[in-house]
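In what follows, a structure is listed as structure tokens, so that the remarks can point back to it.
Readers should treat all values here as calculations from the given coordinates under stated rules, not as data from a laboratory. These numbers come from a predicted model, not from an experiment. When we count neighbours, we look across all protein chains shown, and the Cβ atoms used for this are built from the backbone with ideal geometry, even at glycine.
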Amino acid sequence: MEKLKDALDFSDFSKAERIGLVIFSVFLLVFPLLGAGSFAKTVMIQFLLFSLFGMGWNTIGGYGGQVELGKAQYVGIGAYTVALMMVWWRVPFWISMPIGILIAVGYSFIIGYPLFRLKGHYFAIATICTSLVLKDIFDNWNLVGAAKGIELPIHDHPDFLYMQFKSDTYYYYFIMALFYIGLFYMNWFRKSKLGYQLRMIKDDEDAAESLGIDIRWCKIKAYSIASAFVAVGGGYITVYNLYVDPASTMELSLSIKIALMAMLGGAASLWGPIIGAAFLVPLDRFLGSWLGGQKGLTGIDFMIYSALIIVVSAYQPRGIWGIIEQFRKRGH
Amino acid sequence: MSFLTVENIVKDFGGLVANNNISFSIDEGEIVGLIGPNGAGKTTLFNCIVGYHRPDSGRVAFRGKDITGFKPYKTNREGIGRTFQIMKVTTGMTVLENVMVGAFCRTNDRNTARSEALDVLGDLALDGVKDYYINELPIAIQRKVGLARALATKPALLMLDEVASGLNPTEIEEVVELLRRLNSAKKITLFLIEHIMEMVMKVSQRVIVLDYGEKIAEGLPADIVKNENVIKAYLGEKYAQGL
């Protein structure tokens, strides 16, 4: 009960932020009714999905300050669990997704235990490596479709059990619901004991340890929470695309996008990942489909992307939200 | 059974013996000072007790329990708090949040942690700065925040690494008062490293002196100032002979 109250309580934010949240929520709610085209809906779904990913990453990467660049492997675990259980045993989404979360959490403990012996750059490199290894395994594992991936059987009728719908609107509201669960969870998380302890670890590890905090255990816990978040997103990708392959769920670029969106928007803030996704998802789409498709301009989207990251991180390491807060402080 | 027992601690940093065979014990309720010239091995000794370093040999026991080689978070849960000589100037958390992290050591509930943290801040007269970030505060207040943070973990033994360095005489006077109060009212045993002799001699009931990693003297403050070895260590051979 107390936890639920904390999750729904936004009272420690400024009035402007709360009004912003309400307007944003109303917009999200009525968006499909505004007569948006399917492209706009796809972009919005991507935006909500990446906000969810970013919020998950924010636990370990933002509050905990660990540069984690291997979240794609857990997207893959979530996605593959749903796909395989569906194809092999016709298990409904609502059972396979929680199992996917459990597998992701279990796997994250196994990976996290040795991983958190490392710090700083070494940790970042190791997270990339574990993710790449898993992708290579899935690329070559015939049982799970190898690099070809798996196609899900398509149902004739919309099916709530298997989360198959004809219209994107249903998918939109579904990811929106997941997004809000994520947002409320993070609102609780930032006020929780673990949230405080992680911020202390980020600030000063030695001091954190002197205050009775088991640093490694805290990091592992946060890491597995982050993994659970992205595994949910992975399961969603499966039912949305009705198709899974290693390239779309376990690619290094996905890991980096997740981390960058949160960092660009503002790590260790509740709004950061949402702002980051709101900037980068449309930009990514726009650059990818328009500029990336032009002859001789392949890859320019990544260059613009990187330049943006460099500029923001040089100017304000706390991201776009950091810039907003800076202006707000000056205004006072 | 004594409160804190340190037996034959040796810490060797690849040829530089920072602590050589140091033994002593502290009783419950005491205030003990640890002094010595720069590089004498005082902070190393602290780190060996608290667990940042694992001693090469020797034993540390706290309240009858062998805690040698325990990690710092474990020694903290056993009831040993410590402050740092250099407080990292951080921008991520306010003073209140810092102290709350300390209180979270003994509770899982945020409201309990918050009210305990406010109690500690009130006790140290820090309520006025509770919403500031550490980097916005003068050094004397930063030190006090470090102390408040450690106090919030409810230690039975508090180890203070140079709480008074960089403070002016009035501030030192306040710290001395504060330490005495913590010791008498809250029954916290204090073990402090200090460079400012005036302060150590005033506040400590007993003083241990280190030089080049060895314990060269131990006794009442009044005796320590007359101890030949101590004078030699601080002022050099010539002065000791000239006296």
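What to note about this one:
- Legend: mean number of C-beta atoms from other chains within 10 angstrom of residue C-beta atoms, peptide A:213-219, equals 3.
- Of A:Trp271, A:Trp141, A:Trp89, the sequence from fewest to most neighbouring Cβ atoms within 10 angstrom is A:Trp89, A:Trp141, A:Trp271.
- What the Cα atoms of region B:83-154 give is an Rg and a Dmax of 10.9, 31 Å.
- Under a 5 Å amide H cut-off, with hydrogens placed 1.01 Å from N, B:Glu28 pairs with B:Phe3 among residues at least 5 apart or on other chains.
- When the square roots of the Cα gyration tensor eigenvalues are ordered a ≥ b ≥ c, the ratio a/c for region A:182-332 is 1.5 or more and a/b does not exceed b/c, which makes its shape oblate.
- The ranking of B:Leu158, A:Leu118, A:Leu270 by Cβ neighbour count inside 10 Å, starting from the fewest, reads A:Leu118, A:Leu270, B:Leu158.
- Checking the Cα-Cα distances for A:Lys221/B:Lys11; B:Lys42/B:Lys71; B:Lys42/B:Lys144; A:Lys119/B:Lys71 against a 25 Å cut-off, the pairs over it are A:Lys221/B:Lys11.
- Net charge dipole size for chain A [Lys, Arg +1 and Asp, Glu -1 on Cβ; Debye, nearest 20]: 520 debye
- Estimated from helical segments only, the mean residue ellipticity of chain A at 222 nm is -23500 deg cm²/dmol, where each DSSP H run of four or more residues counts as -39500 (n - 2.57).
- For the residue pairs A:Lys329/B:Lys130; A:Lys3/A:Lys202; B:Lys88/B:Lys215, alpha carbon separations beyond 20 Å are given by A:Lys3/A:Lys202; B:Lys88/B:Lys215.
- Length, then width, then depth: along the principal axes, the Cα atoms of region A:94-236 run 60, 37, 22 Å.
- Low-density loop cleavage sites - chymotrypsin sites (Phe, Trp or Tyr not before Pro) in region B:128-209, where at most 10 other Cβ are within 10 Å (DSSP): none
- Fraction of antiparallel bridges per DSSP, the protein assembly as shown only, in percent to nearest 5: 60 percent
- Rounded to two decimals, the Cα-based Rg/Rh of chain A, with Kirkwood Rh, is 0.96.
- Förster radius 45 Å - calculated FRET efficiency between A:Thr169 and A:Lys15 (Cβ-Cβ, nearest 0.05): 0.85
- Convex hull volume per residue for the protein assembly as shown, taking Cα atoms only, in Å³: 198 Å³
- If R0 equals 22 Å, the separation of the Cβ atoms of B:Glu237 and B:Asn38 corresponds to a calculated FRET efficiency of about 0.80.
- Cross-link reach is defined here as a Cα-Cα straight distance under 16 Å, omitting same-chain residues fewer than 8 places apart; for B:Lys186 the lysines meeting it are B:Lys154.
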